[in-house]
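Trainee: Have a look at this one.
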Amino acid sequence: MQNSVHKNLLSEIEFARLGAGQVAYMRKVKTDDLAHSFPALPPMTPGIELWALFAANGDPIVLSDERDNVLVGAQEHELRTVMLQ
């Protein structure tokens with residue numbers, strides 16, 4: 001008997017749309033890495049850890065030095081949050 005594994009693969013576009021408008025993820029980010037995610041921000045002191053909230057597709061939504069502010073931002077946008085390490 002052959003072992004077969006069936007995998008459902010999503011395209012990048014389909015994956016990016018999962019949870020769109022419903023789910024967001026939060027994680028700590030360092031100011032060194034903000035230029036990529038938040039290009040409109042002015043230069044910041046390197047090495048500072050902040051909290052960021054991202055839409056399911058990776059678009060930035062909220063940035064704060066306080067975790068609670070990010071959670072409030074998610075509530076204001078009516079998003080369920082998950083945390084990524």
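Trainee: Over the C-alpha atoms of segment 22-83, what are the Rg and the largest Cα-to-Cα span, Dmax, in Å?
Mentor: According to the Cα coordinates of segment 22-83, Rg and Dmax are 11.1, 33 Å.
Trainee: When M44, M26 are ordered from fewest to most other Cβ atoms inside 10 Å of their Cβ, what list results?
Mentor: M44, M26
Trainee: Going through segment 23-81, which GluC sites (Glu not before Pro) have at most 14 other Cβ atoms within 10 Å and a DSSP loop state?
Mentor: E66, E78
Trainee: Got a sec? How would H36, H77 order by Cβ neighbour count within 10 Å, fewest to most?
Mentor: So the ranking, lowest neighbour count to highest, is H36, H77.
Any read-out appearing in this document is the output of simple, stated calculations on the displayed coordinates, not a laboratory observation. Nothing here was measured: the structure is a model prediction, and the numbers come from that model. Reconstructed Cβ throughout: ideal geometry from the backbone, glycine too, with neighbour counts over all protein chains shown.
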